Amino acid sequence: MTYQTLLYELDGPLATVTLNRPEKLNAYTATMGAELEEVFLRADGDDAVRVVIVTGAGRGFCAGADISGGAGAFDTQAEGSVAFQDSGSKGRVRGGGAGFVGAMFNCRKPIIAAINGAAVGVGVTLTLPMDIRITTPAAKFGFVFARRGLVPEAGSAWFLPRLVGLSQALRWCLSGRLITAQEALAGQLVSEIVEPDQLIARAREIALEIADNTAPVSIALTRQMLWRFAGAPDPFDLLKLDGAFAMELGGGPDAREGVGAFLDKRGPDFPGKVSTGMPNRYPWWTE
């Protein structure tokens, strides 16, 4: 499948998604939102994919929404709007449903953002449902919504405080100013700053550490448990769930392989697949 605004490349257990509007600094459009949703559903359903890396083409990651339509760029009724239902978006409107945010959040594969340049507005909020963010020294970040007469979108008012704390989230969102890579690192928005020529290599190194050493089903469950229980008021619902998962997985082939590989001092070859091997209580949040 080909995309208008993205590139999708498979290399062994890794899928790389590249935002591909370099002449516009990969500015977001409704078509890009729809294609991001589709590409993460695709990666989630492909057992060959263990980790997804997201980056940008050219010198920017995503400069925010494409406002070339002028002052009405955010008017949902305007044809030039970022959220307009064009043919490429298959009738979906950004914000009308979970969209790409839901596809990322529900994905059973870890997601690494390799932020190669400016990430502003939706360009930064689309990275928040991802699990690991690394960037380059010259990158800039900005939660600029209040400066555009808008509010934080793409679920960022939920994601950002969980990642960086409420105080830091308020400081960045209320000012709307641009922040440097160093400030993003100090505020724990990103975990590493890497030289531009090493960014993708480092993202692949992190991804392969996951892919080569962990069980796909364990990773899928771990990702969902950490995200979904991060704001729980107490641990008691989680204790009921993780105990049930531990009992079910503990008698399965992945656990036997994990222990056997450790004792044999060799790399593991986990047989479990997320398409067929998720535990009985998954997805527990629909119970």
| Candidate set: the stretch 1-24, residues that are aliphatic (A, V, I, L, M) and open to solvent by 30 Å² or more (accessible area, probe 1.4 Å); chosen: the one farthest from the chain's Cα centre (by Cα) | Met1
| query | Quick one: how many residues across the stretch 255-287 are within 21 Å of Gly243 (Cβ to Cβ) and outside any loop (DSSP other than H, G, I, E, B)? | reply | 7
| field | Residue satisfying condition, being more than 28 Å from Gly267 (Cα to Cα), touching a residue at least 40 places away in the same chain (Cβ under 8 Å), assigned to a helix (DSSP H, G or I) and open to solvent by less than 10 Å² (accessible area, probe 1.4 Å), within set Ala203, Ala184 | value | Ala184
| Every residue from the stretch 187-238 that is under 16 Å from the mean Cα position of the chain (by Cα) and among the hydroxyl-bearing types (Ser, Thr, Tyr) | Ser191, Thr222
| Failed item in (1) under 25 Å from Asn106 (Cβ atoms); (2) touching a Gly at 6+ places or on another chain (Cβ under 9 Å), with Ser156 passing the rest | (2)
| query | Which ones in the stretch 247-274 are loosely packed, with under 12 Cβ neighbours inside 10 Å and under 28 Å from the mean Cα position of the chain (by Cα)? | reply | Gly267, Asp269
| Looking at (1) touching a Gly at 6+ places or on another chain (Cβ under 7 Å); (2) within 19 Å of Val101 (Cβ to Cβ), can you tell me which one Gly60 breaks? | (2)
| remark: The residue that is nearest to Phe229 (Cα to Cα), considering only those in the stretch 150-164 that are loosely packed, with under 15 Cβ neighbours inside 10 Å and touching a residue at least 12 places away in the same chain (Cβ under 8 Å), is Arg162
| request: Taking the residues in the stretch 115-149 that are open to solvent by less than 60 Å² (accessible area, probe 1.4 Å) and assigned to a helix (DSSP H, G or I) as candidates, determine which candidate is nearest to Glu183 (Cα to Cα). | output: Val124
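The values are calculated or read from the model by the stated rules, or taken from the named source; none is laboratory data. Values in this document were obtained by computation on a predicted structure and should not be read as measured data. Every residue, glycine as well, gets a Cβ built from its backbone with ideal geometry; the counts of neighbours run over all protein chains shown. Ligands, DNA and RNA are excluded from the accessible area calculation, which covers all protein heavy atoms including side chains. Shrake-Rupley method; radii C 1.70, N 1.55, O 1.52, S 1.80 Å.
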